[in-house]
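Have a look at the structure below before the remarks.
Quick note: the coordinates plus some simple rules give every number you see, no bench work behind them. Predicted model, so just to flag it, every value in this text is computed and none were measured. So basically every Cβ, Gly included, is an ideal-geometry build from the backbone, and we count neighbours across all protein chains shown.
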Amino acid sequence: MAQNIVFSNDIEGTLDNVLAAKSFNCIAVIVDDNTARLVLPTLHSSALEKAHVITIGAGDVNKNLDTLASVWTSLEQMGATRSSLVVNLGGGVVTDLGGFAAATYKRGIPFINCPTTLLTAVDAAVGGKTGINFNGLKNEVGCFQEAIDVIISTRFFTTLPERELKSGYAEMLKHGMLSGHDDYERLLQFDFTAVDYDRLLDLLKTSVLIKEKIVRADPHEHGLRRALNLGHTVGHAFESLALRRGKPVPHGYAVAWGLVAEMVLSHMQLGFAASDLHQLARFVSDNYGAFYITCDDYDELLDLMHHDKKSQHGEINCSLLSACGDVKVGNTIADDDMKVALDIYRDLLGI
């Protein structure tokens with residue numbers, strides 16, 4: 001059954017309507033330290049007045065087995081059954097871990113996602129991927145289980161730093177490129193210096209429904225869903241190198257830079273239009289700057305790409321575009337071609 005995705009800036013009314021249509025014996029609201037302090041007190045939903053609140057630590061460091069066990073324990077102590085309901089109110093850590101906790105407790109109880117960051121709304125909250133980090137590996141243990149409802153609002157985003165908004169927006173840009181030229185062009189016109197949150201909600205709706213359509217066609221990532229990896233092979237390598245340098249970068253920034261490099265490859269191998277490549281590079285340069293690399297970093301970056309989880313046999317694997325809306329997944333990239341793409345990436349972003 002397809003999950004119900006609701007786009008509304010009337011959070012309380014939407015929550016009350018969604019919950020009124022369900023039958024459950026109790027509700028658990030999972031939040032992190034930040035959403036417990038900044039978001040939950042602002043929600044005046046009558047349906048949540050008697051909910052049990054489960055608070056976990058904020059940050060990816062807390063997306064682990066110990067935190068998961070603490071959520072299971074809290075669910076047990078409150079008497080949760082398979083007739084109960086979980087509401088995940090927070091960013092990606094909350095939706096990933098809370099969804100996994102709900103999917104596995106009593107062999108599965110239903111849950112609702114209410115993402116409070118743009119990146120979570122466009123990425124983690126929709127698509128059914130849940131999980132935790134394990135033994136130092138990101139999202140190593142988890143399962144596919146969709147929320148029965150996802151309530152998406154830009155009301156939560158008004159206090160987000162511009163850096164956080166831009167991080168989520170990069171995933172929207174990716175979805176626009178996967179959809180078609182018109183959606184891509186609309187995204188390039190967004191003004192971060194005077195954010196229109198109603199306009200952002202409209203763009204976000206289009207973006208999420210693009211992802212939802214792809215996920216519906218390939219729920220377990222056997223084929224088409226790999227299109228959503230666009231920008232991520234190079235982006236993850238940039239992200240990992242930044243961590244090794246002790247200077248982490250937001251995920252969406254790494255994806256934006258990765259999109260530039262992978263559109264260079266798309267131009268080289270599939271004829272992606274040079275005009276669209278230069279337009280993308282200008283937008284990324286203006287809004288995200290550049291991830292600084294030299295040719296001395298290439299071998300380390302290639303090694304990271306060879307060990308990416310998308311690699312089947314140690315090859316570098318990318319999803320590429322012949323044009324906006326025309327994706328080809330499973331492209332094997334030779335090391336020399338990737339080095340050329342990184343050279344051009346540096347030129348385009350002025351490094």
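Please compute the net charge surrounding residue 14, taking Lys and Arg as +1 and Asp and Glu as -1 over other residues with Cβ under 14 Å from its Cβ.
Values: positive: 22, 155, 205; negative: 10, 12, 16, 149.
Result for the neighbourhood of residue 14: -1.
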Let me know the Kirkwood hydrodynamic radius for the range 210-270, please, with Cα pairs as the basis and the value in Å to one decimal. 12.6
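Rounded, prolate or oblate: which fits the range 229-345, taking a ≥ b ≥ c as square roots of the Cα gyration tensor eigenvalues, rounded meaning a/c under 1.5, else prolate when a/b beats b/c? List each step's numbers first, then the result.
Values: a/c = 1.61, a/b = 1.12, b/c = 1.44.
Oblate is the answer for the range 229-345, as a/c is 1.5 or above yet b/c matches or exceeds a/b.
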Counted charge near residue 56, where neighbours are those whose Cβ lies closer than 14 Å (Asp, Glu -1; Lys, Arg +1): -3
Total charge of the residues flanking residue 318 in space, meaning their Cβ is under 12 Å from its Cβ, with Lys and Arg +1 and Asp and Glu -1, is -1
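List, in the order given, every pair from 138/213; 129/211; 174/309 whose Cα-Cα distance in the structure shown is over 23 Å. Walk me through the numbers before you get to the answer.
On the way: 138/213 26 Å; 129/211 13 Å; 174/309 19 Å.
Result: 138/213 exceed 23 Å.
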Would you kindly derive the ³J(HN,Hα) couplings of the range 182-189 from the backbone phi angles with the Karplus curve 6.51 cos²θ - 1.76 cosθ + 1.60 (θ = phi - 60°), listing them in order in whole Hz, with x for Gly and Pro? 5, 5, 4, 5, 4, 5, 5, 8
If you line up the long axis of helix 162-179 against the longest principal axis of the chain, both from Cα atoms, how many degrees apart are they, to the nearest 10? 70
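Rounded to the nearest 500, what is the 222 nm mean residue ellipticity of the chain from helices alone, with -39500 (n - 2.57) per DSSP H run of 4+ residues and division by all residues?
Working: 12 runs with 160 residues, N = 351.
So the calculated ellipticity at 222 nm is -14500 deg cm²/dmol.
Starting from the Cα-Cα distance between residue 244 and residue 65, subtract it from 0.36 nm times their residue separation and give me the gain in nm to one decimal. Walk me through the intermediate numbers first.
Numbers: separation 179, 0.36 × 179 = 64.44 nm, distance 2.40 nm.
Extra length available between residue 244 and residue 65 comes to 62.0 nm.
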Tell me which residues come under 5 Å, amide H to amide H, from residue 316 once H is placed; ignore anything under 5 positions away on its chain. 333
For the range 209-216, take each phi angle, set θ = phi - 60°, evaluate the Karplus expression 6.51 cos²θ - 1.76 cosθ + 1.60, and give the result in whole Hz per residue in order, putting x for glycine and proline. 5, 4, 4, 4, 5, 5, 5, 4
Which trypsin sites (Lys or Arg not before Pro) does the range 30-88 hold that lie in a coil by DSSP with at most 15 other beta carbons within 10 Å? 50, 82
